[in-house]
1. Scan segment 304-324 for residues that are over 15 Å from N275 (Cα atoms) and out of contact with any His (no Cβ under 6 Å at 6 or more places or on another chain) and jot them down.
2. Which of the residues belonging to segment 72-85 are without any contact (Cβ under 8 Å) to a residue 12 or more places away in the chain and over 16 Å from L34 (Cα atoms)?
3. Pick from D176, D183, D233: which is touching a Cys at 6+ places or on another chain (Cβ under 9 Å) and more than 30 Å from P338 (Cα to Cα)?
4. Looking at segment 86-103, can you tell me whether even one residue there is within 16 Å of the ligand (Cβ to nearest atom), touching a residue at least 24 places away in the same chain (Cβ under 8 Å) and either touching an Asp or Glu at 6+ places or on another chain (Cβ under 9 Å) or small (G, A, S) (or both)?
5. Here is a check on your reading of the model: is A151 over 27 Å from L241 (Cα atoms), of a type in the set (G, A, S) and surrounded by 15 or more Cβ atoms within 10 Å (Cβ to Cβ)?
6. Taking R120 as meeting all but one of (1) under 39 Å from the mean Cα position of the chain (by Cα); (2) loosely packed, with under 14 Cβ neighbours inside 10 Å; (3) among the basic types (K, R), write down the number of the exception.
7. Determine which member of the set A272, A302, A295 is loosely packed, with under 14 Cβ neighbours inside 10 Å and touching a residue at least 12 places away in the same chain (Cβ under 8 Å).
8. Sort out which residues of segment 38-65 are away from the ligand (no atom under 14 Å from the Cβ), more than 16 Å from H23 (Cβ to Cβ) and modelled with pLDDT of 95 or more, and write them in order of number.
Amino acid sequence: MGATPSDPQVVTRFAPSPTGFLHIGGARTALFNLLFARHHGGRFLLRIEDTDRARSTQAAVDAILDGMRWLALDWDGEPVMQFERAPRHAAVAHALLASGHAYRCFATADELEAMRAAQRAAKQPLRYDGRWRDRDPAQGGDAPFVVRFRAPRDGSTTITDRVQGDVTVANAELDDMVLLRSDGSPTYMLAVVVDDHDMGVTHVIRGDDHLNNAFRQLALIRALDASGGGWPDPVYAHIPLIHGSDGAKLSKRHGALGVDAYRDELGMLPEAVDNYLLKLGWGHGDDEFIDRAQATEWFDLAGIGRGPARFDLRKLEHVNGHYIRLADDARLVDLLVPRVERLLDRPLGEAGRALLHRGMGELKLRATDLNMLAAASLFYLRARPIPMDAAAQKLLDDPVARPVVAAVRAALDGTPWQAAAIEAAVRGVAEAQGLKLGKVAQPLRAAVTGSGTSPGLFEVLELLGRDEALGRLDDVIASPAAPASGQGSVA
Ligand code: GLU
(Lines give C-alpha, C1' and ligand atoms only; values in the text may rest on other atoms or scores of the structure.)
Protein backbone atom coordinates (compact mmCIF):
# COMPACT_ATOMS: atom_id res chain seq x y z
CA MET A 1 0.00 0.00 0.00
CA GLY A 2 1.13 3.55 -0.62
CA ALA A 3 2.25 5.85 2.12
CA THR A 4 -0.34 7.64 4.20
CA PRO A 5 -1.07 10.92 2.48
CA SER A 6 0.08 13.75 4.67
CA ASP A 7 -2.35 16.65 4.69
CA PRO A 8 -1.91 18.58 7.90
CA GLN A 9 -4.80 20.78 6.76
CA VAL A 10 -7.28 18.06 7.64
CA VAL A 11 -8.97 18.77 10.95
CA THR A 12 -11.85 16.67 12.26
CA ARG A 13 -13.68 16.78 15.54
CA PHE A 14 -15.97 14.79 17.77
CA ALA A 15 -18.57 16.97 19.45
CA PRO A 16 -20.55 15.02 22.04
CA SER A 17 -23.21 16.60 24.24
CA PRO A 18 -22.46 15.55 27.83
CA THR A 19 -25.97 14.50 28.75
CA GLY A 20 -25.22 10.81 29.28
CA PHE A 21 -22.61 8.13 28.74
CA LEU A 22 -20.51 7.75 25.61
CA HIS A 23 -22.69 5.40 23.64
CA ILE A 24 -21.61 3.01 20.96
CA GLY A 25 -22.82 5.24 18.11
CA GLY A 26 -20.88 8.21 19.44
CA ALA A 27 -17.78 6.09 19.84
CA ARG A 28 -18.05 5.02 16.21
CA THR A 29 -18.40 8.64 15.08
CA ALA A 30 -15.32 9.55 17.11
CA LEU A 31 -13.39 6.61 15.66
CA PHE A 32 -14.21 7.57 12.07
CA ASN A 33 -13.12 11.15 12.75
CA LEU A 34 -9.92 9.96 14.37
CA LEU A 35 -9.04 7.54 11.59
CA PHE A 36 -9.78 10.06 8.87
CA ALA A 37 -7.57 12.68 10.52
CA ARG A 38 -4.75 10.21 11.19
CA HIS A 39 -4.95 8.81 7.68
CA HIS A 40 -4.32 12.30 6.33
CA GLY A 41 -1.75 13.25 8.92
CA GLY A 42 -4.19 15.89 10.22
CA ARG A 43 -5.67 16.64 13.62
CA PHE A 44 -8.58 15.15 15.57
CA LEU A 45 -10.17 17.52 18.08
CA LEU A 46 -12.70 17.09 20.84
CA ARG A 47 -15.41 19.58 21.69
CA ILE A 48 -17.76 19.10 24.59
CA GLU A 49 -21.09 20.65 23.63
CA ASP A 50 -22.22 21.60 27.10
CA THR A 51 -24.43 24.54 26.25
CA ASP A 52 -27.57 22.79 27.46
CA ARG A 53 -26.92 23.69 31.07
CA ALA A 54 -29.91 21.82 32.44
CA ARG A 55 -28.91 18.49 30.89
CA SER A 56 -25.11 18.66 30.83
CA THR A 57 -23.28 17.13 33.78
CA GLN A 58 -19.68 16.80 34.83
CA ALA A 59 -20.27 13.08 35.37
CA ALA A 60 -21.20 12.75 31.71
CA VAL A 61 -18.13 14.72 30.63
CA ASP A 62 -15.99 12.38 32.72
CA ALA A 63 -17.71 9.30 31.30
CA ILE A 64 -17.11 10.50 27.74
CA LEU A 65 -13.42 11.24 28.35
CA ASP A 66 -13.01 7.93 30.17
CA GLY A 67 -14.67 5.98 27.37
CA MET A 68 -12.59 7.74 24.73
CA ARG A 69 -9.36 7.05 26.59
CA TRP A 70 -10.31 3.41 27.01
CA LEU A 71 -10.93 3.04 23.27
CA ALA A 72 -7.72 4.96 22.51
CA LEU A 73 -9.73 7.61 20.70
CA ASP A 74 -6.91 9.99 21.42
CA TRP A 75 -7.78 13.55 20.58
CA ASP A 76 -5.26 16.29 19.95
CA GLY A 77 -4.92 19.18 22.36
CA GLU A 78 -7.29 20.15 25.14
CA PRO A 79 -11.02 19.51 24.76
CA VAL A 80 -12.90 22.67 23.78
CA MET A 81 -15.72 23.43 26.20
CA GLN A 82 -18.47 25.02 24.17
CA PHE A 83 -20.22 26.88 26.97
CA GLU A 84 -17.05 28.83 27.78
CA ARG A 85 -17.13 30.24 24.28
CA ALA A 86 -20.57 31.86 24.59
CA PRO A 87 -19.15 35.41 24.44
CA ARG A 88 -17.45 34.59 21.15
CA HIS A 89 -20.70 33.13 19.76
CA ALA A 90 -22.59 36.26 20.79
CA ALA A 91 -19.95 38.45 19.16
CA VAL A 92 -20.40 36.61 15.88
CA ALA A 93 -24.17 37.05 16.11
CA HIS A 94 -23.69 40.77 16.65
CA ALA A 95 -21.38 40.97 13.66
CA LEU A 96 -24.13 39.33 11.61
CA LEU A 97 -26.58 41.91 12.91
CA ALA A 98 -24.19 44.64 11.86
CA SER A 99 -23.75 43.21 8.37
CA GLY A 100 -27.49 42.72 7.92
CA HIS A 101 -27.34 38.90 7.89
CA ALA A 102 -29.27 38.75 11.12
CA TYR A 103 -32.06 40.79 12.66
CA ARG A 104 -33.86 41.34 15.94
CA CYS A 105 -37.18 39.58 16.37
CA PHE A 106 -39.48 40.89 19.11
CA ALA A 107 -42.25 38.33 18.64
CA THR A 108 -43.53 37.10 22.01
CA ALA A 109 -43.98 33.44 22.89
CA ASP A 110 -47.76 33.86 22.76
CA GLU A 111 -47.57 35.46 19.38
CA LEU A 112 -45.42 32.62 18.01
CA GLU A 113 -47.76 30.03 19.47
CA ALA A 114 -50.71 31.71 17.72
CA MET A 115 -48.71 31.73 14.47
CA ARG A 116 -48.05 27.98 14.77
CA ALA A 117 -51.66 27.23 15.68
CA ALA A 118 -52.75 29.01 12.49
CA GLN A 119 -50.18 27.05 10.46
CA ARG A 120 -51.39 23.79 11.98
CA ALA A 121 -54.99 24.68 11.20
CA ALA A 122 -54.04 25.47 7.61
CA LYS A 123 -52.02 22.25 7.44
CA GLN A 124 -48.92 24.25 6.65
CA PRO A 125 -45.44 23.39 7.84
CA LEU A 126 -44.63 25.00 11.16
CA ARG A 127 -41.98 27.61 10.63
CA TYR A 128 -41.23 31.14 11.64
CA ASP A 129 -42.90 33.43 9.12
CA GLY A 130 -40.28 36.19 9.08
CA ARG A 131 -42.57 38.80 10.63
CA TRP A 132 -39.64 40.86 11.95
CA ARG A 133 -37.35 40.23 9.01
CA ASP A 134 -38.05 43.55 7.35
CA ARG A 135 -39.41 45.58 10.23
CA ASP A 136 -37.64 48.48 11.83
CA PRO A 137 -36.22 47.15 15.12
CA ALA A 138 -37.00 50.52 16.69
CA GLN A 139 -40.60 49.33 16.74
CA GLY A 140 -39.61 46.73 19.29
CA GLY A 141 -38.62 49.40 21.79
CA ASP A 142 -37.18 48.01 25.02
CA ALA A 143 -38.95 44.67 24.71
CA PRO A 144 -36.88 41.48 24.84
CA PHE A 145 -35.80 40.14 21.48
CA VAL A 146 -34.02 37.20 19.93
CA VAL A 147 -31.49 37.49 17.12
CA ARG A 148 -32.52 35.57 14.02
CA PHE A 149 -30.53 34.61 10.97
CA ARG A 150 -31.69 36.25 7.76
CA ALA A 151 -31.68 33.01 5.79
CA PRO A 152 -31.71 33.03 2.00
CA ARG A 153 -35.25 32.50 0.71
CA ASP A 154 -34.69 31.92 -2.97
CA GLY A 155 -32.98 29.09 -4.72
CA SER A 156 -31.75 25.96 -3.05
CA THR A 157 -28.79 24.66 -1.14
CA THR A 158 -26.96 21.50 -2.19
CA ILE A 159 -24.64 19.64 0.10
CA THR A 160 -22.21 17.32 -1.63
CA ASP A 161 -22.08 14.89 1.23
CA ARG A 162 -19.26 12.38 1.07
CA VAL A 163 -21.54 9.61 2.26
CA GLN A 164 -25.04 10.66 1.22
CA GLY A 165 -24.10 12.15 -2.15
CA ASP A 166 -25.72 15.38 -3.37
CA VAL A 167 -28.61 16.38 -1.15
CA THR A 168 -30.62 19.48 -2.04
CA VAL A 169 -33.10 21.50 -0.04
CA ALA A 170 -35.13 24.47 -1.27
CA ASN A 171 -34.12 27.50 0.76
CA ALA A 172 -37.79 28.38 1.20
CA GLU A 173 -38.03 25.39 3.53
CA LEU A 174 -35.51 26.81 5.98
CA ASP A 175 -36.90 29.47 8.24
CA ASP A 176 -34.98 32.20 10.02
CA MET A 177 -33.48 30.32 12.93
CA VAL A 178 -32.67 31.90 16.24
CA LEU A 179 -28.98 32.61 16.84
CA LEU A 180 -29.20 34.35 20.21
CA ARG A 181 -31.98 33.81 22.69
CA SER A 182 -33.61 36.71 24.49
CA ASP A 183 -31.23 36.24 27.42
CA GLY A 184 -28.33 36.66 24.99
CA SER A 185 -27.29 33.02 25.08
CA PRO A 186 -26.27 31.43 21.78
CA THR A 187 -28.19 28.56 20.22
CA TYR A 188 -26.64 25.26 19.37
CA MET A 189 -26.74 26.02 15.61
CA LEU A 190 -24.69 29.17 16.02
CA ALA A 191 -22.25 27.61 18.47
CA VAL A 192 -21.47 24.64 16.21
CA VAL A 193 -20.74 26.84 13.22
CA VAL A 194 -18.55 29.28 15.11
CA ASP A 195 -16.66 26.58 16.96
CA ASP A 196 -16.02 24.48 13.88
CA HIS A 197 -14.66 27.56 12.17
CA ASP A 198 -12.50 28.68 15.07
CA MET A 199 -11.14 25.17 15.56
CA GLY A 200 -10.24 25.03 11.88
CA VAL A 201 -12.44 22.00 11.25
CA THR A 202 -12.27 20.99 7.59
CA HIS A 203 -14.34 17.81 7.67
CA VAL A 204 -17.56 17.33 9.62
CA ILE A 205 -18.14 13.61 10.05
CA ARG A 206 -21.18 12.83 12.21
CA GLY A 207 -24.47 10.96 12.44
CA ASP A 208 -26.98 11.51 9.65
CA ASP A 209 -29.48 12.77 12.21
CA HIS A 210 -27.57 16.04 11.74
CA LEU A 211 -28.01 16.23 7.97
CA ASN A 212 -30.98 18.58 8.27
CA ASN A 213 -28.99 20.87 10.53
CA ALA A 214 -26.20 20.95 7.96
CA PHE A 215 -28.30 22.98 5.51
CA ARG A 216 -28.92 25.68 8.08
CA GLN A 217 -25.34 25.58 9.28
CA LEU A 218 -24.02 25.87 5.75
CA ALA A 219 -26.27 28.84 5.01
CA LEU A 220 -24.91 30.54 8.11
CA ILE A 221 -21.33 29.73 7.15
CA ARG A 222 -21.88 31.25 3.71
CA ALA A 223 -23.39 34.40 5.21
CA LEU A 224 -20.37 34.74 7.47
CA ASP A 225 -18.06 34.20 4.55
CA ALA A 226 -19.96 36.81 2.54
CA SER A 227 -19.68 39.35 5.32
CA GLY A 228 -16.00 39.05 5.99
CA GLY A 229 -14.41 36.11 4.23
CA GLY A 230 -12.46 33.25 5.71
CA TRP A 231 -15.39 30.93 6.39
CA PRO A 232 -14.92 28.09 3.90
CA ASP A 233 -17.54 25.36 3.51
CA PRO A 234 -16.53 22.27 5.46
CA VAL A 235 -16.67 18.87 3.80
CA TYR A 236 -19.65 16.97 5.20
CA ALA A 237 -19.95 13.23 5.73
CA HIS A 238 -23.15 12.13 7.46
CA ILE A 239 -22.96 8.53 8.61
CA PRO A 240 -26.08 6.36 8.81
CA LEU A 241 -27.06 5.63 12.39
CA ILE A 242 -26.63 2.22 13.96
CA HIS A 243 -29.66 -0.04 14.12
CA GLY A 244 -30.27 -3.16 16.15
CA SER A 245 -29.96 -6.60 14.58
CA ASP A 246 -33.74 -6.56 14.08
CA GLY A 247 -33.46 -3.43 11.94
CA ALA A 248 -35.06 -1.07 14.46
CA LYS A 249 -33.16 1.98 15.65
CA LEU A 250 -30.60 1.01 18.25
CA SER A 251 -31.96 1.10 21.75
CA LYS A 252 -30.86 -0.16 25.13
CA ARG A 253 -32.43 -3.49 24.38
CA HIS A 254 -30.00 -3.95 21.46
CA GLY A 255 -26.90 -3.10 23.39
CA ALA A 256 -26.98 0.70 23.15
CA LEU A 257 -25.10 0.84 26.40
CA GLY A 258 -22.36 3.18 27.45
CA VAL A 259 -18.97 2.00 26.30
CA ASP A 260 -18.10 1.53 29.98
CA ALA A 261 -20.65 -1.29 30.05
CA TYR A 262 -18.83 -3.04 27.21
CA ARG A 263 -15.70 -2.87 29.31
CA ASP A 264 -17.08 -3.55 32.79
CA GLU A 265 -20.19 -5.66 32.29
CA LEU A 266 -19.64 -7.40 28.98
CA GLY A 267 -15.89 -7.93 29.37
CA MET A 268 -14.81 -6.62 25.98
CA LEU A 269 -11.31 -5.52 25.02
CA PRO A 270 -11.07 -1.98 23.65
CA GLU A 271 -9.33 -3.06 20.44
CA ALA A 272 -12.19 -5.48 19.80
CA VAL A 273 -14.80 -2.76 20.28
CA ASP A 274 -12.81 -0.46 17.98
CA ASN A 275 -12.45 -3.13 15.32
CA TYR A 276 -16.12 -3.99 15.51
CA LEU A 277 -17.21 -0.35 15.37
CA LEU A 278 -14.93 0.25 12.42
CA LYS A 279 -16.56 -2.60 10.54
CA LEU A 280 -19.97 -1.35 11.56
CA GLY A 281 -20.67 0.95 8.67
CA TRP A 282 -17.29 0.89 6.95
CA GLY A 283 -15.82 -1.88 4.88
CA HIS A 284 -12.57 -2.90 3.31
CA GLY A 285 -13.27 -5.95 1.22
CA ASP A 286 -13.89 -8.99 3.37
CA ASP A 287 -11.31 -8.09 5.97
CA GLU A 288 -12.76 -8.76 9.39
CA PHE A 289 -9.88 -8.15 11.76
CA ILE A 290 -8.30 -4.78 11.17
CA ASP A 291 -6.02 -3.31 13.78
CA ARG A 292 -5.53 0.39 14.38
CA ALA A 293 -2.43 0.72 12.22
CA GLN A 294 -4.10 -1.02 9.32
CA ALA A 295 -7.30 0.94 9.81
CA THR A 296 -5.36 4.21 9.74
CA GLU A 297 -3.77 3.22 6.49
CA TRP A 298 -6.99 2.12 4.85
CA PHE A 299 -9.68 4.39 6.24
CA ASP A 300 -11.49 6.63 3.80
CA LEU A 301 -14.94 8.18 3.54
CA ALA A 302 -15.73 6.27 0.36
CA GLY A 303 -15.84 3.01 2.32
CA ILE A 304 -18.70 4.19 4.56
CA GLY A 305 -21.96 2.45 3.69
CA ARG A 306 -25.12 4.38 2.95
CA GLY A 307 -27.51 1.98 4.63
CA PRO A 308 -27.92 1.76 8.40
CA ALA A 309 -25.44 -0.58 10.03
CA ARG A 310 -26.82 -3.37 12.20
CA PHE A 311 -25.36 -3.92 15.62
CA ASP A 312 -24.85 -7.58 16.40
CA LEU A 313 -23.54 -8.55 19.82
CA ARG A 314 -22.63 -12.07 18.62
CA LYS A 315 -20.30 -10.59 16.01
CA LEU A 316 -18.72 -8.33 18.59
CA GLU A 317 -18.13 -11.37 20.80
CA HIS A 318 -16.54 -13.17 17.89
CA VAL A 319 -14.18 -10.24 17.28
CA ASN A 320 -13.50 -10.03 21.02
CA GLY A 321 -12.53 -13.71 21.13
CA HIS A 322 -10.01 -13.04 18.39
CA TYR A 323 -8.41 -10.19 20.32
CA ILE A 324 -8.42 -12.15 23.57
CA ARG A 325 -6.41 -14.85 21.83
CA LEU A 326 -3.97 -12.23 20.57
CA ALA A 327 -3.71 -10.43 23.90
CA ASP A 328 -0.64 -10.60 26.05
CA ASP A 329 -1.09 -13.06 28.94
CA ALA A 330 0.11 -10.62 31.60
CA ARG A 331 -2.38 -8.01 30.43
CA LEU A 332 -5.21 -10.54 30.55
CA VAL A 333 -4.22 -11.49 34.08
CA ASP A 334 -4.40 -7.84 35.13
CA LEU A 335 -7.86 -7.59 33.60
CA LEU A 336 -9.02 -10.85 35.13
CA VAL A 337 -7.80 -10.50 38.69
CA PRO A 338 -10.59 -8.17 39.86
CA ARG A 339 -13.23 -10.32 38.16
CA VAL A 340 -11.84 -13.51 39.62
CA GLU A 341 -11.56 -11.95 43.06
CA ARG A 342 -15.20 -10.93 42.86
CA LEU A 343 -16.21 -14.46 41.93
CA LEU A 344 -14.08 -16.06 44.63
CA ASP A 345 -14.89 -13.32 47.11
CA ARG A 346 -11.31 -13.17 48.31
CA PRO A 347 -8.02 -11.65 47.21
CA LEU A 348 -6.05 -13.81 44.85
CA GLY A 349 -2.54 -13.39 46.22
CA GLU A 350 0.70 -13.78 44.32
CA ALA A 351 0.50 -17.57 43.98
CA GLY A 352 -2.99 -17.40 42.51
CA ARG A 353 -1.92 -14.69 40.12
CA ALA A 354 1.05 -16.71 38.99
CA LEU A 355 -1.13 -19.76 38.44
CA LEU A 356 -3.60 -17.70 36.43
CA HIS A 357 -0.73 -16.41 34.35
CA ARG A 358 0.62 -19.89 33.65
CA GLY A 359 -2.81 -21.16 32.67
CA MET A 360 -3.66 -18.16 30.49
CA GLY A 361 -2.08 -19.39 27.28
CA GLU A 362 -4.57 -22.27 27.16
CA LEU A 363 -7.54 -20.58 28.82
CA LYS A 364 -7.66 -17.66 26.42
CA LEU A 365 -8.14 -19.91 23.42
CA ARG A 366 -11.74 -20.59 24.39
CA ALA A 367 -13.26 -17.34 25.67
CA THR A 368 -15.18 -14.64 23.83
CA ASP A 369 -15.33 -12.24 26.76
CA LEU A 370 -13.48 -11.62 29.99
CA ASN A 371 -16.35 -12.83 32.18
CA MET A 372 -16.27 -16.16 30.42
CA LEU A 373 -12.51 -16.24 30.75
CA ALA A 374 -12.72 -15.47 34.48
CA ALA A 375 -15.32 -18.19 35.03
CA ALA A 376 -13.29 -20.71 33.04
CA SER A 377 -10.16 -19.99 35.06
CA LEU A 378 -11.78 -20.42 38.47
CA PHE A 379 -11.05 -24.11 38.77
CA TYR A 380 -7.34 -23.31 39.02
CA LEU A 381 -7.93 -21.03 41.96
CA ARG A 382 -10.63 -22.66 44.04
CA ALA A 383 -9.75 -23.85 47.50
CA ARG A 384 -10.00 -27.62 48.13
CA PRO A 385 -12.20 -29.48 48.10
CA ILE A 386 -13.22 -27.89 44.80
CA PRO A 387 -16.92 -27.87 43.87
CA MET A 388 -18.11 -30.24 41.16
CA ASP A 389 -20.46 -29.12 38.42
CA ALA A 390 -23.24 -31.44 37.24
CA ALA A 391 -21.14 -32.97 34.43
CA ALA A 392 -18.25 -33.69 36.80
CA GLN A 393 -20.60 -35.13 39.38
CA LYS A 394 -22.10 -37.43 36.79
CA LEU A 395 -18.67 -38.66 35.69
CA LEU A 396 -17.70 -39.34 39.29
CA ASP A 397 -20.98 -41.13 40.01
CA ASP A 398 -19.86 -43.92 37.70
CA PRO A 399 -18.91 -46.79 40.08
CA VAL A 400 -15.56 -47.30 38.31
CA ALA A 401 -14.63 -43.62 38.60
CA ARG A 402 -13.20 -43.60 42.13
CA PRO A 403 -11.12 -46.78 41.72
CA VAL A 404 -9.72 -45.34 38.47
CA VAL A 405 -8.85 -42.06 40.16
CA ALA A 406 -7.23 -43.99 42.99
CA ALA A 407 -5.14 -46.01 40.52
CA VAL A 408 -3.99 -42.81 38.83
CA ARG A 409 -3.22 -41.31 42.22
CA ALA A 410 -0.97 -44.30 43.00
CA ALA A 411 0.73 -44.19 39.60
CA LEU A 412 1.43 -40.46 39.91
CA ASP A 413 3.15 -40.79 43.22
CA GLY A 414 6.60 -41.29 41.81
CA THR A 415 6.07 -39.51 38.49
CA PRO A 416 8.12 -36.41 37.67
CA TRP A 417 5.71 -33.43 37.66
CA GLN A 418 5.70 -32.61 34.01
CA ALA A 419 2.86 -32.95 31.50
CA ALA A 420 4.45 -35.60 29.26
CA ALA A 421 5.43 -37.80 32.20
CA ILE A 422 1.99 -37.39 33.76
CA GLU A 423 0.39 -38.38 30.49
CA ALA A 424 2.59 -41.48 30.23
CA ALA A 425 1.59 -42.52 33.75
CA VAL A 426 -2.12 -42.04 33.02
CA ARG A 427 -1.82 -44.02 29.81
CA GLY A 428 -0.09 -46.75 31.76
CA VAL A 429 -3.06 -46.95 34.12
CA ALA A 430 -5.49 -47.19 31.20
CA GLU A 431 -3.49 -50.01 29.63
CA ALA A 432 -3.09 -51.90 32.86
CA GLN A 433 -6.83 -51.75 33.45
CA GLY A 434 -7.79 -52.46 29.87
CA LEU A 435 -9.63 -49.13 29.58
CA LYS A 436 -9.66 -46.57 26.80
CA LEU A 437 -7.74 -43.43 27.71
CA GLY A 438 -10.98 -41.42 27.82
CA LYS A 439 -12.42 -43.70 30.49
CA VAL A 440 -9.52 -42.72 32.72
CA ALA A 441 -9.09 -39.14 31.62
CA GLN A 442 -12.71 -38.12 32.08
CA PRO A 443 -13.10 -38.94 35.79
CA LEU A 444 -9.60 -37.60 36.30
CA ARG A 445 -10.55 -34.31 34.64
CA ALA A 446 -13.67 -34.14 36.78
CA ALA A 447 -11.63 -34.68 39.94
CA VAL A 448 -9.02 -32.10 39.02
CA THR A 449 -11.14 -29.35 37.45
CA GLY A 450 -14.62 -29.95 38.87
CA SER A 451 -15.93 -29.87 35.32
CA GLY A 452 -16.42 -32.07 32.27
CA THR A 453 -14.44 -29.74 30.01
CA SER A 454 -11.14 -27.96 30.52
CA PRO A 455 -7.91 -27.03 28.82
CA GLY A 456 -5.54 -29.94 28.17
CA LEU A 457 -5.71 -32.23 31.19
CA PHE A 458 -2.01 -33.06 31.54
CA GLU A 459 -0.99 -29.40 31.24
CA VAL A 460 -3.59 -28.54 33.86
CA LEU A 461 -2.18 -31.16 36.20
CA GLU A 462 1.33 -29.87 35.70
CA LEU A 463 0.27 -26.26 36.26
CA LEU A 464 -1.63 -27.03 39.43
CA GLY A 465 1.51 -28.50 40.91
CA ARG A 466 1.96 -31.90 42.48
CA ASP A 467 0.58 -31.15 45.94
CA GLU A 468 -2.56 -29.38 44.79
CA ALA A 469 -3.27 -31.90 42.01
CA LEU A 470 -2.80 -34.97 44.18
CA GLY A 471 -4.75 -33.28 46.97
CA ARG A 472 -7.70 -32.87 44.61
CA LEU A 473 -7.51 -36.55 43.71
CA ASP A 474 -7.42 -37.45 47.40
CA ASP A 475 -10.51 -35.32 48.01
CA VAL A 476 -12.45 -37.28 45.40
CA ILE A 477 -11.19 -40.64 46.56
CA ALA A 478 -12.23 -39.79 50.10
CA SER A 479 -15.61 -38.36 49.15
CA PRO A 480 -18.67 -40.54 49.58
CA ALA A 481 -19.53 -42.51 46.44
CA ALA A 482 -22.92 -42.04 44.82
CA PRO A 483 -25.63 -44.25 46.19
CA ALA A 484 -25.97 -47.46 44.20
CA SER A 485 -28.41 -47.04 41.35
CA GLY A 486 -32.02 -47.50 42.32
CA GLN A 487 -31.63 -46.36 45.90
CA GLY A 488 -30.90 -42.70 45.54
CA SER A 489 -33.44 -41.75 42.93
CA VAL A 490 -36.50 -40.04 44.21
CA ALA A 491 -39.53 -40.66 42.08
N1 GLU B 1 -23.46 17.65 19.96
C2 GLU B 1 -24.07 16.95 18.88
C3 GLU B 1 -24.49 15.57 19.33
O4 GLU B 1 -24.02 15.09 20.34
C5 GLU B 1 -23.14 16.77 17.69
C6 GLU B 1 -23.06 17.98 16.87
C7 GLU B 1 -22.20 17.84 15.65
O8 GLU B 1 -21.48 16.84 15.51
O9 GLU B 1 -22.20 18.75 14.84
O10 GLU B 1 -25.32 14.97 18.70
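The values are calculated or read from the model by the stated rules, or taken from the named source; none is laboratory data. These numbers come from a predicted model, not from an experiment. Virtual Cβ from ideal backbone geometry, glycine too; neighbours counted across all protein chains shown.
1. G305, R306, G307
2. From segment 72-85, those without any contact (Cβ under 8 Å) to a residue 12 or more places away in the chain are 78, 84; that's our starting set.
Hit for segment 72-85 is E84, nothing else.
3. Details: D183 fails: touching a Cys at 6+ places or on another chain (Cβ under 9 Å); D233 fails: touching a Cys at 6+ places or on another chain (Cβ under 9 Å).
Criteria check complete, one pass: D176.
4. We begin by selecting, within segment 86-103, every residue within 16 Å of the ligand (Cβ to nearest atom); these are 86, 89.
Filter once more, keeping what is touching a residue at least 24 places away in the same chain (Cβ under 8 Å): 86, 89.
Then drop every residue that is not either touching an Asp or Glu at 6+ places or on another chain (Cβ under 9 Å) or small (G, A, S) (or both), which leaves 86, 89.
For segment 86-103, residues within 16 Å of the ligand (Cβ to nearest atom), touching a residue at least 24 places away in the same chain (Cβ under 8 Å) and either touching an Asp or Glu at 6+ places or on another chain (Cβ under 9 Å) or small (G, A, S) (or both): present.
5. Numbers: over 27 Å from L241 (Cα atoms): yes; of a type in the set (G, A, S): yes; surrounded by 15 or more Cβ atoms within 10 Å (Cβ to Cβ): yes.
When the stated conditions are applied, A151 passes them.
6. (1) is the only condition that R120 fails.
7. Values: A272 fails: loosely packed, with under 14 Cβ neighbours inside 10 Å; A295 fails: loosely packed, with under 14 Cβ neighbours inside 10 Å.
Going through A272, A302, A295 in turn, the sole match is A302.
8. R38, H39, H40, G41, G42, R43, Q58
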